[in-house]
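Novice: Below is a structure I'd like to ask you about.
The values are calculated or read from the model by the stated rules, or taken from the named source; none is laboratory data. The shown structure was predicted, so the numbers you read here are calculated from the model rather than taken from an experiment. Here the Cβ positions follow ideal geometry from the backbone for every residue, glycine too, while neighbour counts run over all protein chains shown. For the accessible areas, the whole protein counts, side chains as well, though only heavy atoms, and no ligand, DNA or RNA atoms are used. Shrake-Rupley method; radii C 1.70, N 1.55, O 1.52, S 1.80 Å.
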Amino acid sequence: MNAAEPEREGAAQQAATSPAVAIARGTGRTAAPGAPDDSGRPFGARLMAPLLLGSLLNPLNSTMIATALVAIGQDFHVGPAGTAWLVSAMYLSSAVGQPALGRLADRIGPRRVFAAGALTVCAAGLIGALAPGFTLLIVSRVVLGIGTAAAYPAAMALLRSESRRVGRPTPRSVLGRLSLAALGSAALGPTLGGLLAATAGWRAVFAVNIPLGLLALLGALAWLPADPKEAGGGRATSAAGSSDPLGVVLFAATLTCAMFFLLGLRDPRWPLPVAAGGLAGVLVWWQLRHPAPFLDLRMLARNGALVRTYLRHGLAYLVIYCVLYGFSQWLEEAHGFSSFHAGLILLPMSGAAACCSLAGARTKGICAPLTVAAVCLALGSAALLLLRGSSPLVALLCAGALFGIPQGLAATGNQAAVYDQAPADGVGAAAGLQRTAQYLGAITAAGLIGLLYGARASDSGLHAIAVTGVVLGLLLLALTLTDRSLRSGATRNSESRKTGPPRNSESRTGEPGTEAPRTGG
């Protein structure tokens, strides 16, 4: 690869001659915390392969179930309202699981959490493939949401650890690969689900998680660097002793009440938002009292830039999911396309999202791609106002491609912002909360689509979604342009990473390749 930086040459040579690395080379595994992989390259293929595989499981399963819902409903005699729980249950468990497992990765080590999540995915796939009843199928989706939620925050924590080892920030191109894996798998999910359901039955949509989970597990055990010693042993014990199960339960209950309300906006049940507000108040009170809270509200209060990133990410995906689900439904019901042809029309959206994800990963700044994303969301929503049930195919393809641009740029831009703005010892939990903001956007979008469409998708309903998208896109543009932290060029954590290697070298304990112990939780 390219030449190493001068300050890293001595440490790399010392690590290369250590007994721990010699053993790792003989077994094909990384034996010491922070030791390089067999290729010796930072952020090399052996580190990234299991991270990318694990990170695609959640978005893949989020969309893969879509083309199997009709067959599942027919087998269990359940209508669309019932099968919708298979989608909502996974969103809810993922929204709770992402920050919870990210917090756990920061405390006991990301490799342990990643491997446990992969094993849970295998168990969920087995439960779903053998489920004799619909209730157990919902349980499978809940377990699947928890298992797949572990990969992304653990991957972000592992990349931060690798960044400390090599003494330089994680390249934007590496972060872009995680976004591309999520976007690509979400786009291919309906096609893969339809193929599995048509050839092997809908149970194959669940069973496919068994080999995928096993591959992620084996890759994690073989290639991911071992967690630091202080993340096991005594640290694990203290982490277990200072866990916050009540905080997790209160957070889950708050989200559940909010989700039930949002999914029934046409016939709103007003006691639900009151209950959600009361639970949120209790959650805040408890988190401020707990010595090691599930949600570090004090950190969020001090880190306004990170909170604004969550807000931008949630708003962007609220518009994206409104279009993704609302536009596809309109293509079928108002324009008369089959589900297969509607999926083909959305392919330019997926292609544009993938290309813009790669382009966003190559940019150095954060403000510019997020500004372009907000502008494209507003323009794309305005373009929907021009569509009718008789619009030509080329207009439909162009409208879909226009929405792919903000999908790719928002994903990579906000991910890079979270990585830079998160506390050095809390990137896992911060990344999990980013995904929670995205899932809240998805749940809110589902409620808005049901409210604006009613019983059937129509031109007027699509135009109402378009007006909503224009307003939210302009709001997102204002939030982006007025956020000075996006134009500062380097955040507090970026600066701290530049001075990271000297601190590590001063606090080494004599074992080559070992990081300085982390403090705090």
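Novice: Looking only at region 123-135, which residues are part of a loop (DSSP other than H, G, I, E, B) and open to solvent by 20 Å² or more (accessible area, probe 1.4 Å)?
Specialist: Pro132, Gly133
Novice: Against the conditions (1) under 19 Å from the mean Cα position of the chain (by Cα); (2) among the small types (Gly, Ala, Ser); (3) open to solvent by 40 Å² or more (accessible area, probe 1.4 Å), where does Ala353 fall short? Just the number, please.
Specialist: With (1) under 19 Å from the mean Cα position of the chain (by Cα); (2) among the small types (Gly, Ala, Ser); (3) open to solvent by 40 Å² or more (accessible area, probe 1.4 Å) applied to Ala353, the lone miss is (3).
Novice: Still on this structure, I have one more. Taking the stated definitions as given, is Phe251 outside any helix (DSSP H, G or I) and under 19 Å from the mean Cα position of the chain (by Cα)?
Specialist: No, not satisfied.
Novice: Just a yes or no: is a residue in region 181-188 of a type outside the set (Gly, Ala, Ser) and at pLDDT below 85?
Specialist: Yes, because at least one residue in region 181-188 is of a type outside the set (Gly, Ala, Ser) and at pLDDT below 85.
Novice: Is it true that Gly473 is open to solvent by less than 10 Å² (accessible area, probe 1.4 Å), touching a residue at least 12 places away in the same chain (Cβ under 8 Å), over 12 Å from Phe327 (Cα atoms) and in contact with a Pro (Cβ under 9 Å, 6 or more places away or on another chain)?
Specialist: yes
Novice: Another one. Yes or no: Pro273 assigned to a loop (DSSP other than H, G, I, E, B) and surrounded by fewer than 20 Cβ atoms within 10 Å (Cβ to Cβ)? Outline the logic, then answer.
Specialist: On the way: assigned to a loop (DSSP other than H, G, I, E, B): no; surrounded by fewer than 20 Cβ atoms within 10 Å (Cβ to Cβ): yes.
Criteria not met by Pro273.
Novice: Here is a further query. Find all pairs meeting these conditions: Cβ atoms under 7 angstrom apart; at least six residues apart or on different chains; first residue within region 422-438 and farther than 23 Å from Asp227 by Cα; second residue assigned to a helix (DSSP H, G or I) and open to solvent by 20 Å² or more (accessible area, probe 1.4 Å).
Specialist: Every condition considered, the pairs that remain are Gln434/Tyr310; Ala437/Tyr310.
Novice: Here is a further query. So how many residues does region 212-252 have that are more than 10 Å from Ile108 (Cα to Cα) and either at pLDDT 50 or above or crowded, with 19+ Cβ neighbours inside 10 Å (or both)?
Specialist: 25
Novice: Out of all the residues in region 452-465, which are surrounded by fewer than 19 Cβ atoms within 10 Å (Cβ to Cβ), touching a residue at least 24 places away in the same chain (Cβ under 8 Å) and assigned to a helix (DSSP H, G or I)?
Specialist: Those that are surrounded by fewer than 19 Cβ atoms within 10 Å (Cβ to Cβ), touching a residue at least 24 places away in the same chain (Cβ under 8 Å) and assigned to a helix (DSSP H, G or I): Asp459, His463.
Novice: Are any residues in region 300-326 open to solvent by 30 Å² or more (accessible area, probe 1.4 Å), among the hydrophobic types (A, V, I, L, M, F, W, C) and in contact (Cβ under 8 Å) with a residue 12 or more places away in the chain, and if so, which ones?
Specialist: Leu311, Leu324
Novice: While we're here: Quick test of your reading of the structure: Thr371 fulfils all but one of (1) among the β-branched types (Val, Ile, Thr); (2) under 26 Å from Ala198 (Cα atoms); (3) open to solvent by 20 Å² or more (accessible area, probe 1.4 Å). Name the failing condition by number.
Specialist: So the condition that Thr371 fails would be (2).
Novice: Among the residues of region 72-98, which ones are of a type outside the set (A, V, I, L, M, F, W, C), more than 16 Å from Gly447 (Cα to Cα) and crowded, with 18+ Cβ neighbours inside 10 Å?
Specialist: Taking region 72-98 as the starting set, the residues that turn out to be of a type outside the set (A, V, I, L, M, F, W, C) are 73-75, 77, 79-80, 82-83, 88, 91, 93-94, 97-98.
If we keep only those that are more than 16 Å from Gly447 (Cα to Cα) as well, we get 73-75, 77, 79, 93-94, 97-98.
Correct list: Gly73, Ser93, Ser94, Gly97, Gln98.
Novice: Go through (1) open to solvent by 30 Å² or more (accessible area, probe 1.4 Å); (2) farther than 28 Å from Leu295 by Cβ; (3) among the β-branched types (Val, Ile, Thr); (4) part of a helix (DSSP H, G or I) and name the single condition Ile65 misses.
Specialist: Tallying (1) open to solvent by 30 Å² or more (accessible area, probe 1.4 Å); (2) farther than 28 Å from Leu295 by Cβ; (3) among the β-branched types (Val, Ile, Thr); (4) part of a helix (DSSP H, G or I), Ile65 fails exactly one: (1).
Novice: Polar (S, T, N, Q), part of a loop (DSSP other than H, G, I, E, B), farther than 15 Å from Ser62 by Cβ and under 19 Å from the mean Cα position of the chain (by Cα): does that describe Thr120?
Specialist: Spelling it out, it is not the case that Thr120 is polar (S, T, N, Q), part of a loop (DSSP other than H, G, I, E, B), farther than 15 Å from Ser62 by Cβ and under 19 Å from the mean Cα position of the chain (by Cα).
Novice: Suppose we filter Thr468, Thr436, Thr412, Thr444 for residues that are modelled with pLDDT of 90 or more, touching a helix residue (DSSP H, G or I) at 6+ places or on another chain (Cβ under 9 Å), under 28 Å from Ala368 (Cβ atoms) and part of a helix (DSSP H, G or I); which single one remains?
Specialist: Answer to the check: Thr468.
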